[in-house]
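The values are calculated or read from the model by the stated rules, or taken from the named source; none is laboratory data. In this text, all values refer to a predicted model and were calculated from it rather than measured experimentally. All Cβ positions, even for glycine, are placed from backbone atoms using ideal geometry, and neighbour counts span all protein chains on display.
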Amino acid sequence: MEYSSLFVTLMGIGTVFFGLICIIFLTMAMGAILKGKEKTPAVAAAAPAAAPEKTGDQPAKAGYGKEQRRRRAELRAKIKACEDEMEACGAREVELDNEINSPEVYNDPDLLRQKSDELSDLRFHQEELFAAWEKAMEEQEQYEQAAGEE
């Protein structure tokens, strides 16, 4: 059976538009899901925020303000260190992706396995860094909320 050029063209255009519409709906659905997940950690972060307030009700110790400032400075340094290391990991990830896609590595199974393992380890480390960064950010937000209430 022979198809006309018009039929093939219209079927191609129809397929592309259908695919694009599916991508749009999937993107909208994922956006709605992720927005729902963003609200959940905020609720979880609000519960631990009660703990520092209880310590504030106790009699003030000498140097408490200095200790709190020191801890906040440590948190800022930790956040900055995590961000810097995540940026370096991201750059290394791009390098590894490029190396893995090069013909020399792609054609050498042992080297490909080594680079893939390194990439996998790097991604795991990035997840750990993100978790540490997120924890430090939550703690910093708790300090800022406590300072705002005073």
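Observations
Here's the yes/no breakdown for (1) basic (Lys, Arg); (2) outside any helix (DSSP H, G or I); (3) modelled with pLDDT under 85:
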{"position": "Ile24", "(1), (2), (3)": "no, no, no"}
{"position": "Met30", "(1), (2), (3)": "no, no, no"}
{"position": "Lys35", "(1), (2), (3)": "yes, no, yes"}
{"position": "Val43", "(1), (2), (3)": "no, no, yes"}
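- Complete set of residues in the stretch 99-150 that are part of a loop (DSSP other than H, G, I, E, B) and under 30 Å from Glu67 (Cβ atoms): Glu150
- Inside the stretch 54-106, residues that are of a type outside the set (Lys, Arg), over 22 Å from Asp121 (Cα atoms) and modelled with pLDDT of 85 or more make up a count of 5.
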